[in-house]
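Okay, structure first, notes after.
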Amino acid sequence: MIPLQEQNTCVIGLQWGDEGKGKIVDFLAERADAVVRYCGGANAGHTVRIGSEKYSTHLLPVGVLRAGKMNVIGNGVVLDPAALFREIDELAARGIAVTPGNLRISYKAHLVMPYHVLEDGAREQSSEGTAIGTTRRGIGPAYADKMMRATALRVADLLHEEKLRQRIARVVTERNKVLRALYDLAPLDWKQVFEQYRDFGRRMGPFVEDTTFLLLQYAREGKRVVFEGAHAALLDVDHGTYPYVTSSNCSGLGVYTGAGVPPQMVQNFQGVVKAYSTRVGGGPFPTEQDNNTGNYIRERGNEYGTTTRRPRRCGWFDAVAARYSADLCGVSAVAVTLLDVLSGLDHVQVCTAYKYRGSHLPYFRADMDILAEVEPVYETLPGWRGNISGCRKFGELPPEAQQYIKRIEQLIGAPINMVSVGPERSAMLIR
Ligand code: IMP
């Protein structure tokens with residue numbers, strides 16, 4: 001039996017991603033033995049700043065940036081080996097070694113293949129008015145194949161070369177017909193794809209592991225594990241703003257299947273929100289400020305995608321959405337990031353409720369047609385001035401900034417235990 005692992009934490013974004021989870025995971029990783037990614041793929045982008053160096057990870061857990069931590073890519077991830085090795089090589093060039101000694105990959109994780117990336121891009125391009133605004137990293141098609149089963153490839157398949165050859169020949173031949181018929185794309189050469197993935201497999205072999213077995217062993221030894229949520233609750237394929245979501249269960253609810261661990265192993269959920277809201281890609285965004293305020297936030301917060309560099313849509317903090325996510329994920333505490341970005345505004349606004357066709361909506365509705373029509377009800381609070389990035393205690397913040405944090409805490413309905421006021425590791429106030 002696995003005893004309750006109260007020391008473990010899962011970090012979850014409560015908005016539409018890019019909440020600064022990388023920094024919070026990095027902070028918690030200092031006292032952890034292992035960091036586990038459990039959903040999504042190279043569509044994620046987690047940034048950690050160490051001194052003057054900035055690191056962005058996409059597939060690798062941010063624990064690789066700290067010496068002596070084990071990092072796990074769980075079965076719920078869709079792994080693009082080209083992206084993985086690019087990341088590993090880039091880190092190596094900067095003096096950070098990622099080896100089988102600090103990275104283990106689940107043999108059950110599914111692979112992103114070249115035709116997934118082609119299909120994602122072609123579908124987005126040809127979907128007039130109905131594009132999701134994906135990162136075009138092949139995520140949706142890879143998860144679709146996982147559910148389809150007959151056309152999927154997993155990390156384990158890389159380790160059996162003859163079967164891999166046969167499988168890739170069959171699947172690529174089939175997929176070429178689809179790519180041709182639907183998008184008029186030139187066929188892929190299955191032999192080239194096979195050779196590329198065979199070589200990836202040879203390099204990946206030493207990293208491959210039964211990661212469930214490994215993590216259960218950690219539980220028995222009382223080791224501390226941080227589960228690194230990617231994307232965010234509102235992008236969860238079941239509970240987010242469907243269809244403008246990603247294709248995995250990237251809320252807290254996905255951690256058990258995606259990491260392949262039982263509920264005893266993850267009891268604490270640490271939510272993360274930005275002090276405002278952002279979103280990339282399509283979909284309703286009730287508190288969007290497509291105006292000077294939005295531009296002010298975008299420029300001060302450098303709100304451009306880590307993965308795609310797309311400008312992010314920016315808006316006021318939406319407490320209705322954050323409360324829904326906090327409830328859904330069962331968070332015990334919430335970290336607020338990027339509070340410094342809001343400095344310098346005369347007033348700040350918080351959305352406290354939605355109006356829909358004349359009446360108050362009692363709760364967030366993950367229904368695109370309703371969300372597209374809701375009118376946010378705002379509460380206006382006083383702004384604050386000055387650079388708050390040097391503050392290291394909550395009491396050092398301007399009273400208006402403290403008031404803002406306390407108000408959103410009340411609205412979310414969970415204690416705010418951390419406030420980040422700058423990109424540095426040290427720019428963090430613990431309450
Ligand atoms: P996909 O995950 O590439 O299929 O994209 C689906 C939607 O999720 C798009 O709106 C993306 O912009 C969004 N998305 C996926 N991953 C992230 C992320 O890590 N941060 C923010 N948005 C994301």
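Each reported figure results from applying straightforward, stated rules to the coordinates on display, with no laboratory input. Since this is a predicted model, take the numbers as computed values, not measurements. Ideal geometry is used to build each Cβ from the backbone, glycine not excepted, and the neighbour counts take in all protein chains shown.
Quick notes on this one:
- Pairwise Cα distances in region 172-272 exceed 20 Å in 63 percent of cases.
- Dipole size of region 293-431 about its Cα centre, with +1 on Lys/Arg Cβ and -1 on Asp/Glu Cβ: approximately 300 debye, rounded to the nearest 20.
- Distance histogram in 5 Å bins (all Cα pairs of region 212-254, percent per bin): 6, 24, 19, 12, 12, 13, 10, 3, 0
- Pairwise centroid distance, computed over Cα atoms, of region 134-206 with region 337-384, Å: 43
- Over 26 Å between alpha carbons, listed pairs K54/K146; K54/K223; K163/K223; K21/K223; K23/K406; K108/K177: K54/K146; K54/K223; K163/K223; K108/K177
- Relative frequency of Cα-Cα separations exceeding 43 Å in the chain, percent: 12
- Only helical runs count toward this figure. For the chain, summing -39,500 (n - 2.57) over DSSP H runs of n ≥ 4 and dividing by all residues gives -9500 deg cm²/dmol at 222 nm.
- For region 1-149, the fraction of alpha-carbon pairs lying more than 28 Å apart is 24 percent, rounded to a whole number.
- Stokes-Einstein diffusion for region 90-249, with the hydrodynamic radius set to the Kirkwood value over Cα pairs and evaluated at 4 °C in a medium of 1.567 mPa s, equals 72 µm²/s.
- Ordering of 101-110, 65-74 by packing is 101-110, 65-74, highest average first (other Cβ atoms within 10 Å, averaged per residue).
- Loop sites in region 255-324: trypsin sites (Lys or Arg not before Pro), DSSP, at most 15 other Cβ within 10 Å: R309
- Packing-based exposure ordering (other Cβ within 10 Å, fewest first) of H239, H160: H160, H239
- Part-to-part distance (alpha-carbon centres) for region 1-79 and region 262-331, which is given in Å: 18
- Take the convex hull of the alpha carbons in region 308-431; its mean projected area over all directions comes to 9.0 nm².
- A Cβ-based charge dipole, computed about the Cα centre of region 102-216 with Lys and Arg at +1 and Asp and Glu at -1, lands at about 240 debye.
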